Amino acid sequence: MKGAVASGTRPRATPELRARKRRELVRNLAFLSPWLLGTGLFFLYPLVTTVWLSFTHYDGFTSPVWTGVDNWHYVLHEYSFFWPALRNTLWFVVVIVSLRIVVGLVLGMTVISVKRGSSVFRTLFYAPYLAPPVAATLAFVFLLNPGTCRVSSTRPRSSTGQGPSDASATSRCPPCVRSSASPRSPASSR
């Protein structure tokens, strides 16, 4: 068996294969670089800094002073809120998050498996996510609408107390919400 390769040994990589793998690695790292930068900047750096600062005395104004495990000894043995906080956190992570995932999967499978009325189920499950932005939009439309313009009630009144300090009908609303149409007089809006 001349061409057989002994088990457990790999064929040698040619220089072309090594160059191709190196190019693929550089390309993949280039595509991953935004994620790697964001993870390093916003997750790894704060995590490492927090762990390091937990072994120091640092008040935010002076340089950190190394205290070793004194902070951890205080937290574990003398700080009475640590163990209840840890128990509540574990309860939240293990029980509440797990239940939300399981309930979400069950509801999702229910919506997928139901043939008749599935659009009603989807609407009912999605409506709570749509209600807050729709309510906020309607509130701002009402508040900033040139016709109703409730924002003008917060503006200073004229010396007569009969409305805004200037007589123009368009001045009832802030300049950013005035329409480009011709201003309506108060008499024509009745």
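The values are calculated or read from the model by the stated rules, or taken from the named source; none is laboratory data. On a predicted model such as this, the values are computed, not experimentally measured, just so you know. No Cβ is skipped: glycine too gets one built from the backbone with ideal geometry, and neighbour counts run over all protein chains shown.
Search the range 131-167 for residues being β-branched (V, I, T) and modelled with pLDDT of 85 or more, and hand back the single one that is farthest from the chain's Cα centre (by Cα). Break it down stepwise before answering.
Of the residues in the range 131-167, the ones β-branched (V, I, T) are 134, 137, 141, 148, 151, 154, 160.
Of the ones still in play, those that are also modelled with pLDDT of 85 or more are 134, 137, 141.
Values: V134: 19, T137: 20, V141: 25 Å.
Going through the qualifying residues, I end up with V141.
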Test: residue in the range 68-91 that is touching a residue at least 12 places away in the same chain (Cβ under 8 Å) and not in a helix (DSSP H, G or I): yes
Among residues of the range 42-62, those that are of a type in the set (A, V, I, L, M, F, W, C) and outside any helix (DSSP H, G or I), counted: 2
Test set (1) within 30 Å of Y126 (Cβ to Cβ); (2) modelled with pLDDT of 95 or more - F82 fails condition number: (1)
Qualifying residue in the range 39-49 (condition: among the hydroxyl-bearing types (S, T, Y), more than 30 Å from T123 (Cβ to Cβ) and more than 24 Å from the chain's Cα centre (by Cα)): no
Cβ pairs under 7 Å, 6+ apart, first in the range 122-147 and hydrophobic (A, V, I, L, M, F, W, C), second assigned to a helix (DSSP H, G or I) and surrounded by 10 or more Cβ atoms within 10 Å (Cβ to Cβ): F125/L107; F125/V111; F142/R150; L143/R150; L143/V151; L144/V151; L144/V177
Yes/no for L17 being assigned to a helix (DSSP H, G or I), at pLDDT 95 or above and among the hydrophobic types (A, V, I, L, M, F, W, C): no
